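First comes the structure, then the notes that go with it.
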Amino acid sequence: MAATNSRPLSPHLTIWRWGPHMLVSILHRVTGAALSIGGLAILTWWLMAIAQGQEAYGHFTKIATHPIGVIVLIGLTWSFFQHLLSGIRHLVMDSGAGFELGINKTFAVLTLVGSVVLTAALWIYVLEMRP
Amino acid sequence: MSLGDSASPLGKVGGLGSAREGGEHWLTERVTSIALLLLGSWLIASLLLLPDLKQQTVIEWLRAPSGAVPMALLIVIAFKHALDGMKVFVDDYVHEEGNRFAVSTLLLFLAVGGGTLALYALAAIAFGGVA
């Protein structure tokens, strides 16, 4: 199959009216990529740092607790919750349920609200309340 | 599209779409997502429940089977799910066949290599090779 530039393309991002379902769909991909690349790289780096000893772990901790490190970790936490909730939505839709316009939209909005609430709760606990 | 002309009726029923395969991939992605729902939540809960994240505390946690076994499962399944998800990216956005093969192969090497590195680090921690 030779791909040529002259073949017609199906309508894409520019033509659809934005809605929560579209945003959530795009975010599912973006957060999935962020978790695959950033999340797994940091998890592996963290495990390697633990395995390598005190100096390596101290180096990791220093970067992870730096404000930029914390922002990255907050971003990954939000990505995790958004991808998790959106993933549950996809599993429900795979069963054939949840395609009615109103329910579909509500479910999409709930994943957005839920991921922000869970991320905020977790980080408020970590930064403010954890002994 | 080219498949539509050449695929046998059996091939079509077997879920073979325009990417020539995928039924298995689709299902695996969903089964691993359910596992990661549990394992991801386990990781976050564990990190929050540990008294602190000092190196020695984390080592003790990962030396016990209750820490090491779920972590090993998390590593294997997360890298598999990431590979399956990123493969969809590649299949959707890399159109030229040669490039798609090259990027898919690179992705496979990165996922298997990264996952093995993470497992190696976990084994070093769990079996006590840590200074």
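Each reported figure results from applying straightforward, stated rules to the coordinates on display, with no laboratory input. Computed from a prediction, not measured in an experiment: that's the story for all the values here. Cβ atoms come from the backbone with ideal geometry, glycine included; neighbour counts cover every protein chain shown.
Would you work out if chain A is rounded, prolate or oblate? Take a ≥ b ≥ c from the square roots of the eigenvalues of the alpha-carbon gyration tensor; rounded if a/c is under 1.5, else prolate when a/b is larger than b/c, oblate otherwise. Verdict is oblate for chain A. Dividing the convex hull volume of the alpha-carbon atoms in the protein assembly as shown by its residue count gives 167 Å³ per residue. If a paramagnetic tag sat 7 Å from the Cα of residue A:120 along the Cα-Cβ line, which residues of the stretch A:77-95 would have the backbone N under 11 Å from that point? None, by backbone N distance to the label point. Listed values for the stretch B:54-63 are Karplus-derived 3J(HN,Hα) couplings in whole Hz (6.51 cos²θ - 1.76 cosθ + 1.60, θ = phi - 60°), namely 5, 3, 5, 4, 5, 4, 4, 4, 7, 7, and x replaces Gly and Pro.
Take the Cα of residue A:127, step 7 Å toward its Cβ, do the same at residue A:100, and the gap between the two points is 4.0 nm.
Once the C-beta distance of residue B:24 and residue B:116 is scaled by a Förster radius of 35 Å, the resulting FRET efficiency is 0.95 to the nearest 0.05. Any idea how far the Cα center of the stretch A:93-109 sits from the one of the stretch B:29-85, in Å? Going from one Cα centre to the other spans 30 Å. Considering only alpha-carbon pairs that sit under 8 angstrom and 6 or more positions apart, the relative contact order computed for the stretch A:75-131 is 51 percent.
For chain A, the longest principal axis of the Cα atoms and the long axis of helix A:40-52 meet at an angle of about 20 degrees. Shown here for the stretch A:51-131: GluC sites (Glu not before Pro) in loop regions (DSSP other than H, G, I, E, B) with at most 16 other Cβ atoms within 10 Å, namely A:100.
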